[in-house]
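Undergrad: One structure follows; several queries about it will come next.
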Amino acid sequence: MSTASNPLLQPWNTPHGLPPFANIQAGQFEPAFEQAMREQRAELDAIAALNEPATFANTIAAFDASGRLLARLEGVFHNLCASETSPELQAAQRRLAQPLAAHNNSVYMHAALFARVDALHQQRAGLGLDGESLRLLERVHLDFVRAGARLQRAAQQRYAQVMERLADLHTQFGQNVLADESTYTLALQGEQDLAGLPGFLRDAAADAARVRGLQGHVITLSRSLIVPFLTFSERRDLREQAWRAWTSRGEHAGETDNRTIVLEILALRAEQAALHGHRCYADFSLEDTMAQRQSAVMELLENVWQRALPAVEAERAQLQSLKATLGQSGPIEAWDWRYWAEKVRQSTYAIDDAQVKPYFSLDRMVQAAFDCARRLFGVHFKHRPDLVLYHPDVMGYEVTREEGSPVGLFLHDNFARPTKRSGAWMSAYRMQSGLPDRGEGRGLGRTLPIIVNNNNFAKAPEGQPTLLSFDDVRTLFHEFGHGLHGLLSDVRFERLSGTQVLRDFVELPSQLFEHWMGQPQVLQEHARHVLTGEPISPALIEKLQAARNFGQGYETVRYTASALTDMAVHGLGAAELPKDAVAFEAEVLQRFGLPAGVGLNHRYTHFQHLFSGSSYAAGYYVYLWAEVLDCDAFEAFQEAGDIFDANTAQRLLRCIYSAGNRVEPGRTYREFRGRDARVEPMLRDRGLIPESA
């Protein structure tokens, strides 16, 4: 395909420089990537071949500005592969995984280029750089070192092979999970199979059937269907069937079996760490985090684990007591827990999820998130229905400041579909920076971000409002917090932009934003009954607040169990790795004493945080680490006496949401809070210590 006929290689003269989605075909990506990689290699060769000595401008800033075409292509390609894939796109993804990894190796193992970077790094104290420039130099140098730039030639060659094979395996792992999720349906045959299901779930199950060309109702492995089914279904046999399918993703013999893939990924990561001189992958991974050491991570996890175990047993006693009262005996199995927890919630707190959800329509909750962002940070979201996006369900919003200056573009992709991976995440089609915009930012001389939030809510039938659970609203606010982190970024260099911070800091802006969704004044303004328009009553808000910590033992144990299995397996050296990952996982859970019937958030065979990429490998703990920060940070607003206190919000914007990675995270948090974070607010928030502690 010629350059002239490939829309990926043409200027994107679209509103906001959006990708020309309507013209993009899967077969266009490979030739486009080949050209983009050639262009960047030529740019880097030119930097390395300069006759004059290395300076920050001609080496570090030039490196940050290189590869603009490649960055543009990666933004659209990886987002489409995650959000709106196809067999053709998946095939291209498999074919491109190795060449893209090989290109990354060629960039960071470019000896002449690294020599210039390294020389500047050694002289950095005397260069007179401002804080952001110094931070970029240090981060770029570390990127090179961690990618193998200092290894000897033979070790570099092996390192490159390891990274290219890992790229293939990560892609295969994720596609296998998607295949298991998208092909599974539990057909509900008649009223007896629908017993106990509230109207919103019946509607969502009917729509899931319609989308798949099926009759009646089906339950898929989308979280927004499977979790409410496990919560409400009176059919214990069907709950067990659905639960076993959900928890065994990636663990079936055949083409989608992830068990051998997990073992190979673990072996290659152990080798990667060893090439860097580390005993295990966890030591290598944690070196570039706030935690830095396994001992720091384990201290936090074990502290919370020991507090959560008695909490979950107290919850079990409540479930068993109600079950006995209703004349039923036997243990609470994993497919029973949510069902009986809902019964306790209804009887103890007089809260029925089916009665609560009508107050939480998706449209109103989106507006609630936008309104909180406006009140905190002075940004406005204007719907642009005229934008041509990649799926009809996606909503595009122009984001501006109070006085009208542009901030960026926000895409909201909220519904589950077979072509979309599970979970919820934020990503970027384009990162913010001070780089020239190449005509894609309306001549501003800087690059404005295009940020996307992905959720997997069960879509209501045509013409009906989609209703969210309280947990769904929390997910919406969480991802929107990430979105704000990307949108509000205000840095000069793309490498430091938005969410490109240390992994155990990146969840702070997202988890912090969750706090606003449960505040009474936000609920009273935005939570309105979908039929009557009546605001949620203070009495119902009080019930929701009273019930907030019910189930926290269960949720905390499930999350922490997954974090412990992550640290356990990535804490092994090459000679210690298991021959059976599933058996090892079970051994770890037994060793820590996972209570019966509770389960864990993710098992190895579908743990995409760990095995669809390396970002969260030896890093699933980061949600809890960041929760220490976010609970402590929200207390700053409570101490100010106003959850929208202007001074606190401005400090939060300056130190956290707009700062990107231009400041070391511990330092920037102290600038916001005036001190280091304390763990007690997090423990109180989870109900693991008394409110007065």
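The values are calculated or read from the model by the stated rules, or taken from the named source; none is laboratory data. These numbers were taken from a predicted model, which means no experiment stands behind them. Note that we place each Cβ from the backbone using ideal geometry, even for glycine, and neighbour counts take in every protein chain shown.
Undergrad: Residue 630 - would you say it is closer than 17 Å to residue 300 by Cα, surrounded by fewer than 22 Cβ atoms within 10 Å (Cβ to Cβ) and of a type in the set (Asp, Glu)? Full working, then the answer.
TA: On the way: closer than 17 Å to residue 300 by Cα: yes; surrounded by fewer than 22 Cβ atoms within 10 Å (Cβ to Cβ): no; of a type in the set (Asp, Glu): yes.
Taking the combined requirement at face value, the residue does not satisfy it.
Undergrad: Residue pairs, Cβ under 7 Å, 6 or more apart or interchain, first in region 91-113 and touching a residue at least 60 places away in the same chain (Cβ under 8 Å), second crowded, with 16+ Cβ neighbours inside 10 Å and among the basic types (Lys, Arg). List them.
TA: The qualifying pairs are 106/41.
Undergrad: Which residues, counting only those in region 663-693, are small (Gly, Ala, Ser) and within 15 Å of residue 509 (Cα to Cα)? It would help to see each step written out before you state the result.
TA: Step one: list which residues in region 663-693 are small (Gly, Ala, Ser), which gives 666, 674, 677, 687, 692-693.
666, 677 - these are the residues of region 663-693 that are small (Gly, Ala, Ser) and within 15 Å of residue 509 (Cα to Cα).
Undergrad: Looking at 59, 55 in this structure, which one is among the β-branched types (Val, Ile, Thr), surrounded by fewer than 21 Cβ atoms within 10 Å (Cβ to Cβ) and not assigned by TED's automatic domain parsing to the domain that holds residue 413?
TA: 55
Undergrad: Moving on. Please specify each residue of region 350-359 satisfying the condition of being surrounded by fewer than 16 Cβ atoms within 10 Å (Cβ to Cβ) and either of a type in the set (Ser, Thr, Tyr) or assigned to a helix (DSSP H, G or I) (or both).
TA: So in region 350-359, the residues surrounded by fewer than 16 Cβ atoms within 10 Å (Cβ to Cβ) come out as 350, 352, 355.
Of everything in region 350-359, just one residue is surrounded by fewer than 16 Cβ atoms within 10 Å (Cβ to Cβ) and either of a type in the set (Ser, Thr, Tyr) or assigned to a helix (DSSP H, G or I) (or both), namely 355.
Undergrad: Then there is this: Residue check: is residue 654 modelled with pLDDT of 95 or more, assigned to a helix (DSSP H, G or I), among the charged types (D, E, K, R) and within 28 Å of residue 177 (Cα to Cα)?
TA: Criteria not met by residue 654.
Undergrad: Please go through region 394-424 and pick out each residue that is farther than 16 Å from residue 455 by Cβ and in a strand (DSSP E or B).
TA: Step one: list which residues in region 394-424 are farther than 16 Å from residue 455 by Cβ, which gives 398-409.
Passing the criteria: 398, 399, 400, 401, 406, 407, 408, 409.
Undergrad: Output the number of the condition that residue 144 fails; it satisfies all remaining conditions of (1) part of a strand (DSSP E or B); (2) surrounded by 20 or more Cβ atoms within 10 Å (Cβ to Cβ); (3) of a type outside the set (Val, Ile, Thr).
TA: The one condition residue 144 does not meet is (1).
Undergrad: Next up: Go through (1) part of a helix (DSSP H, G or I); (2) under 25 Å from the mean Cα position of the chain (by Cα) and name the single condition residue 38 misses.
TA: It is condition (2) that residue 38 fails.
Undergrad: If you check residue 226 against the conditions, is it over 27 Å from residue 470 (Cα atoms) and either outside any strand (DSSP E or B) or in contact with a Cys (Cβ under 9 Å, 6 or more places away or on another chain) (or both)? Give the steps one after another, and end with the answer.
TA: Working: over 27 Å from residue 470 (Cα atoms): no; either outside any strand (DSSP E or B) or in contact with a Cys (Cβ under 9 Å, 6 or more places away or on another chain) (or both): yes.
No; evaluated as a whole, the condition is false for this residue.
Residues are listed down the side, and each one gets a yes or a no for (1) at pLDDT below 95; (2) of a type in the set (Lys, Arg); (3) surrounded by 15 or more Cβ atoms within 10 Å (Cβ to Cβ); (4) over 26 Å from residue 452 (Cβ atoms):
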| residue | (1), (2), (3), (4) |
| --- | --- |
| 88 | no, no, no, no |
| 91 | no, no, no, no |
| 105 | no, no, yes, yes |
| 125 | no, no, no, yes |
| 131 | no, no, no, yes |
| 165 | no, yes, yes, yes |
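Undergrad: So how many residues does region 256-296 have that are farther than 18 Å from residue 578 by Cβ and either without any contact (Cβ under 8 Å) to a residue 12 or more places away in the chain or not polar (S, T, N, Q) (or both)?
TA: Of the residues in that region, 15 qualify.
Undergrad: On to the next question. State all residues of region 246-297 that are under 30 Å from residue 183 (Cβ atoms) and aromatic (Phe, Trp, Tyr); if no residue qualifies, say none. Show your work before the answer.
TA: Step one: of region 246-297, the residues under 30 Å from residue 183 (Cβ atoms) are 246-269.
246, the sole residue that qualifies.
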